[in-house]
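Undergrad: Next up is a structure, given as structure tokens.
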């Protein structure tokens, strides 16, 4: 799960960078390549994140609804923080019951 958490955080940071750095640079500094490069990188990272959600879902036995929530949080700004919190809470509960 630590790999999934890392992928989630990296993908989330790429989305934040795209929305709050690259897009303003394109709009206010006429730097169109910023969105091109950051958007391309974010797209690849999102595909990796989507595949990782499927793997994590199967490994953890998540319901389809929980899997969809985790997947959708990948397109919500700062949604990766909720996913990270949710996973840490799940792992903490498992340690307490072990």
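Undergrad: Using beta carbons and a limit of 6 Å, which pairs, at least six apart or on different chains, have the first residue in region 82-95 and closer than 12 Å to residue 56 by Cβ and the second one assigned to a helix (DSSP H, G or I)?
TA: 83/8; 83/70; 83/73; 87/5
Undergrad: Give me the pairs, please: first residue somewhere in region 5-23 and within 15 Å of residue 85 (Cα to Cα), second residue anywhere and crowded, with 16+ Cβ neighbours inside 10 Å, beta-carbon distance under 6 Å, and either six or more positions apart or on two chains.
TA: 5/84; 5/87; 7/49; 7/52; 8/80; 8/83; 9/80; 12/80
Undergrad: So, residue 70, is that one in a helix (DSSP H, G or I) and surrounded by 13 or more Cβ atoms within 10 Å (Cβ to Cβ) or not?
TA: Taking the combined requirement at face value, the residue satisfies it.
Undergrad: Right, something else. Condition test on residue 55, is it modelled with pLDDT of 95 or more, out of contact with any helix residue (DSSP H, G or I) (no Cβ under 7 Å at 6 or more places or on another chain) and either on the phi > 0 side of the Ramachandran plot or part of a helix (DSSP H, G or I) (or both)?
TA: Considered against the rule, which asks whether it is modelled with pLDDT of 95 or more, out of contact with any helix residue (DSSP H, G or I) (no Cβ under 7 Å at 6 or more places or on another chain) and either on the phi > 0 side of the Ramachandran plot or part of a helix (DSSP H, G or I) (or both), residue 55 comes out as yes.
Undergrad: Restrict the check to region 80-97 and report whether at least one residue is more than 13 Å from the chain's Cα centre (by Cα), more than 13 Å from residue 4 (Cα to Cα) and not in a helix (DSSP H, G or I).
TA: No, region 80-97 has no match at all.
Yes/no per residue for (1) without any contact (Cβ under 8 Å) to a residue 40 or more places away in the chain; (2) in contact with a helix residue (DSSP H, G or I) (Cβ under 6 Å, 6 or more places away or on another chain); (3) under 30 Å from residue 95 (Cβ atoms); (4) outside any loop (DSSP other than H, G, I, E, B):
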site: 3; (1), (2), (3), (4): no, no, yes, yes
site: 34; (1), (2), (3), (4): yes, yes, no, yes
site: 62; (1), (2), (3), (4): yes, no, yes, no
site: 65; (1), (2), (3), (4): yes, no, yes, yes
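The values are calculated or read from the model by the stated rules, or taken from the named source; none is laboratory data. Treat the numbers as computed from the prediction; the structure is a model and nothing was measured. We place every Cβ from the backbone using ideal geometry, glycine too, and count neighbours over all the protein chains shown.
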